[in-house]
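Note sheet for the following structure.
The values are calculated or read from the model by the stated rules, or taken from the named source; none is laboratory data. Keep in mind that what you see is a predicted model, and the values were worked out from it rather than measured. Glycine also receives a Cβ, built like all others from the backbone with ideal geometry; neighbour counts cover every protein chain displayed.
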Amino acid sequence: MTIGVWVLGDQLWTEQAALHSCADRQSQIPIILIESLGYVQEHPYHRQKLVLVWSAMRHFAEELRQAGWTVAYETAEDFETPLRQWINAQGITELRVMQPNDRPFTAFLHSIDLPCKLTLIPNNHFLWTGDDFRQWANRRKNVLMEYFYREGRQRFQLLMEGKHPVGGQWNFDKNNRKPPKGRLNTPKAVWFEPDTITQAVIQQVKSGHFSTYGQVEPFRWGVTRSQALQVLDHFIRDRLPTFGPYQDAMVTGEETMWHALLSPYLNLGLLQPMEVIRAAEAAYFDRNLDLSSVEGFIRQVLGWREYMHGLYHYVDADYPQCNRFNHTQPLPEFFWDADKTDMNCLHQTLKQVETTAYAHHIQRLMILSNFALIAGLSPQQVEQWFHTAFIDAYDWVMQTNVIGMGLFADGGILASKPYAASASYINKMSDYCQNCRYNKSDRTGDNACPFNFFYWDFLDRHRNTLQSQGRMSFILKNLDKMPDAELQAIRQKARNWHGKGEGKDEG
Ligand code: FAD
Ligand code: SF4
């Protein structure tokens, strides 16, 4: 029997399960990596995402060759043609692939007519397997993240003193919501100059005949494990000590604040979740760091990341079609071209996504998806856009984050209430409103901020549904107190906005 291994583009770790299963026969096992141009024609991607993935794959292929593996690297119109040719040429009788993270790719693998046996090796890029998560979830009435996170702390003995959490509390989130007041001394991010491999990919993307989005240059992301480790070291040394307090803050021109910038590398397999978590935990004990910051960060990776992945494989296959509020408004054009909106918070965030393929969590949640939610945009169009726009986007992480957390389109499987907010939240947590043509305090006038009328219109349209969410009752009482004339004006503003297009609304 001749075994061959196909390494997928987001499985770039020498210890990944399919490679690991053959590690004792390294010199006899052929490996293939494939760039499919057809795959990227099915769906547009940010240019920097394409450069990141293809350059990281090419670097990884080199790394494997240097470690003694025999590696074929193919660029083709589709996956099947080079795969079949390689299987036949190498006389392969068993093709091993590590189980893909994304459901559609697993379905695709099963649909290919291969000339040999296909073996999917269980994925080892996450701390919890799909079965682990299912067992945990099946024992519970509700599957909220906080309980999953606590279980993870105990299971992996992270930030624990015996059975108790270090510091006597599981969660220090309340300390991590400081508004950005005054001048903040944000740390510099670690970026890299493109090497010759990356430059070649940049040229390929520039001249490619497929639909793309965003700027390809300057391209500053790391493309190897060693660069990803530099980003991790820098984060642990310079950012983690003060990661917490301004985690929810947004400031014009500050693309990254204290955020880790680790998701592109974690999601490709260049970094592993446990090494990231252990590095943070070790820094806490060795350097006596602020517990709110360290716990806050560990909760993101051990809690949210693992939870989103587990939930993605737990929910029904029709989850991507969820649309609890029956929202059908089309995605406004300005999502593709930031210059087409003069809502400053959206303009700043979308411009940043165009130039970097990155926005931090609160920009994604409280600016982009908050707007999409309250303006009633189609969840499926919004999810497609997120998938296109972000450097770290993959099906497994988009579905639950966008459909579930951002848009509440799943009716509350993972969130206890929708993340809906008016300009008052954005003004508190950012400086965007200071330079906006809209009036952050106005709901109905000529310059009323769209976040205001859409927010109240959203509550009004979905009053019945929202009433069943206990945490919404306080705000719904405020809606009840609103004078009828004002509510009518709000409804009209929301209707006009969609009718006329953003920026043309004269009130
Ligand atoms: P930090 O804020 O520094 O957090 C540290 C790490 O925690 C991240 O690198 C990430 O690995 C993990 N993490 C934190 N929250 C989440 C979460 N909700 N889901 C998964 N991992 C999490 N994350 C992606 O990796 N890819 C996406 O395409 C993506 N799309 C999102 C869309 C929406 C609408 C929302 C609300 C969130 C999305 N997230 C996504 C989650 C989160 O916003 C990003 O992981 C984070 O902003 C990445 O930047 P960072 O590495 O600087 O993260
Ligand atoms: Fe955004 Fe409204 Fe503030 Fe302008 S006023 S930045 S549109 S929230």
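Filter the stretch 312-371 down to the residues that are among the hydroxyl-bearing types (Ser, Thr, Tyr) and either within 21 Å of the chain's Cα centre (by Cα) or within 16 Å of ligand 2 (Cβ to nearest atom) (or both) and list them by number. Of everything in the stretch 312-371, those that are among the hydroxyl-bearing types (Ser, Thr, Tyr) and either within 21 Å of the chain's Cα centre (by Cα) or within 16 Å of ligand 2 (Cβ to nearest atom) (or both) turn out to be Tyr312, Tyr314, Tyr319, Thr341, Thr349, Thr355, Thr356, Tyr358, Ser369. Among the conditions (1) surrounded by 23 or more Cβ atoms within 10 Å (Cβ to Cβ); (2) away from ligand 1 (no atom under 13 Å from the Cβ); (3) in a loop (DSSP other than H, G, I, E, B), the only one that Ala409 does not satisfy is (2).
Could you check, for the stretch 327-345, whether at least one of its residues is in a helix (DSSP H, G or I), surrounded by fewer than 17 Cβ atoms within 10 Å (Cβ to Cβ) and touching a His at 6+ places or on another chain (Cβ under 8 Å)? Within the stretch 327-345 (the criterion being in a helix (DSSP H, G or I), surrounded by fewer than 17 Cβ atoms within 10 Å (Cβ to Cβ) and touching a His at 6+ places or on another chain (Cβ under 8 Å)), the answer is yes, since at least one residue qualifies.
The listed residues are Glu255, Glu306, Glu333, and the only one of them that is acidic (Asp, Glu), within 12 Å of ligand 1 (Cβ to nearest atom) and within 26 Å of Ser422 (Cβ to Cβ) turns out to be Glu255. Going residue by residue through the stretch 467-481, is there one that turns out to be of a type in the set (D, E, K, R), over 30 Å from the mean Cα position of the chain (by Cα) and closer than 27 Å to Tyr432 by Cα? Scanning the stretch 467-481 turns up no residue that is of a type in the set (D, E, K, R), over 30 Å from the mean Cα position of the chain (by Cα) and closer than 27 Å to Tyr432 by Cα.
Any idea which residue in the stretch 271-289 is farthest from ligand 2 (Cβ to nearest atom), counting only those that are over 30 Å from Phe60 (Cα atoms) and buried (at least 19 other Cβ atoms within 10 Å of the Cβ)? So, considering only residues that are over 30 Å from Phe60 (Cα atoms) and buried (at least 19 other Cβ atoms within 10 Å of the Cβ), the one farthest from ligand 2 (Cβ to nearest atom) is Tyr284.
The residue that is nearest to ligand 2 (Cβ to nearest atom), among those in the stretch 409-458 that are within 27 Å of the chain's Cα centre (by Cα) and under 15 Å from Arg495 (Cα atoms), is Phe451. Please work out if Ala260 is modelled with pLDDT of 95 or more, among the small types (Gly, Ala, Ser), within 16 Å of ligand 2 (Cβ to nearest atom) and closer than 24 Å to Lys351 by Cβ. No; evaluated as a whole, the condition is false for this residue.
Among the residues making up the stretch 241-255, those that are away from ligand 2 (no atom under 16 Å from the Cβ) and outside any helix (DSSP H, G or I) are Phe243, Gly244, Pro245, Tyr246, Gln247, Glu255. Residue count for the stretch 152-187 under the criterion of being under 17 Å from Pro245 (Cα atoms) and in contact with a Pro (Cβ under 9 Å, 6 or more places away or on another chain): the result is 5. Considering the stretch 176-191, and only residues there that are closer than 19 Å to Ser424 by Cα and loosely packed, with under 10 Cβ neighbours inside 10 Å, the residue that is modelled with the lowest pLDDT turns out to be Gly182. Look at Leu109 and say whether it is surrounded by 14 or more Cβ atoms within 10 Å (Cβ to Cβ), free of Cβ contacts under 8 Å to residues at least 24 places away in the same chain and within 26 Å of Arg25 (Cα to Cα). Spelling it out, Leu109 is indeed surrounded by 14 or more Cβ atoms within 10 Å (Cβ to Cβ), free of Cβ contacts under 8 Å to residues at least 24 places away in the same chain and within 26 Å of Arg25 (Cα to Cα). Among the residues of the stretch 256-278, the ones that are in a helix (DSSP H, G or I) and within 25 Å of Ser55 (Cβ to Cβ) come to 9 in all. Helices (runs of 4 or more DSSP H) fully within the stretch 83-179 that include at least 1 residues being within 30 Å of Ser292 (Cα to Cα): 130-138, 145-155. Residues in the stretch 376-393 include at least one that is of a type outside the set (D, E, K, R), more than 20 Å from the chain's Cα centre (by Cα) and assigned to a loop (DSSP other than H, G, I, E, B).
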